[in-house]
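Enquirer: Take a look at the following structure, please.
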């Protein structure tokens, strides 16, 4: 009887060990589930933006989409998408920003949208730097917008670059915090390779920050939005959208808040220009 108990216990331990090993080796697939998604054609996006190629420091040529700002005073907004999509799924935001008079660069990651390479945290940061360099060479004002996974990319870029504002849609404190809740039985804090630790970086950002997300978000709980807002030290704004979940924040009210925030930045920039002249 005792021997059977120990055999059972050993079997459970072995199964758990296999599960931990599988989680470790499969974490790339969990963080980047659709990175092999081929480029999706969006006719409207093709009509309103141009195809560009940005080159990363490690030599990857990444295809992205770009629309120049209509004048020197208008900011260019860099859009960083989430993990289960490609840049075309930020097209609705790009269209409305273009109509409102902003330049737009829809950044794409390595391994996504038909681009070469395999995604990982340091790699996506390099991809963002390449997109930023392209936009900054053509625009005097840069605003970053990161959604979900893209919040980690945008926050890192904001912590190291000159920008005029950072907007985070449905952001997490870190991917590890999200995974720790989803996989409670496993030591994910010790297993995680990619962390995207927004919480540790956001206090270093001096540019104005706007954080928004849905109150019904079950993927990244609104508590993450609040913790990031509390940790930010400079000018900051928070909007919790009633009735919105992880996927429909823009449509359920996020758009109005973003446009209001951008209008404030635009007014401030014009005043600075007027004062300087």
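Enquirer: In nm, what is the difference between 0.36 nm times the number of residues separating residue 57 and residue 96 and their Cα-Cα distance?
Expert: Length gained, residue 57 through residue 96: 10.9 nm.
Enquirer: For labels at residue 122 and residue 251 in the simple 7 Å Cα→Cβ model, what's the distance in nm?
Expert: 4.0
Enquirer: Let me have the relative contact order for the range 32-276, percent, based on Cα pairs under 8 Å that are six or more residues apart. Working shown, then result.
Expert: Working: 506 pairs, mean separation 37.0, N = 245.
Once normalised by length, the contact order is 15 percent.
Enquirer: Figure the gain on full extension for residue 73 and residue 264 (residue separation times 0.36 nm, minus the Cα-Cα span) and round it to one decimal in nm.
Expert: Taking 0.36 nm per residue and subtracting the Cα distance, the gain is 67.4 nm.
Enquirer: Report the paramagnetic label zone for residue 230: residues of the range 157-176 whose backbone N is under 16 Å from a point 7 Å from Cα along the Cα-to-Cβ axis.
Expert: Under cut-off, by backbone N: 172-174.
Enquirer: Separate question: Find how much the distance from residue 44 to residue 136 grows on full extension, using 0.36 nm per residue of separation minus their present alpha carbon separation; answer in nm with one decimal.
Expert: So the chain would gain 30.6 nm between residue 44 and residue 136.
Laboratory data are not the source of any read-out in this text; all were calculated from the coordinates shown. Predicted model, so just to flag it, every value in this text is computed and none were measured. All Cβ positions, glycine included, derive from the backbone under ideal geometry; neighbour counts span all protein chains shown.
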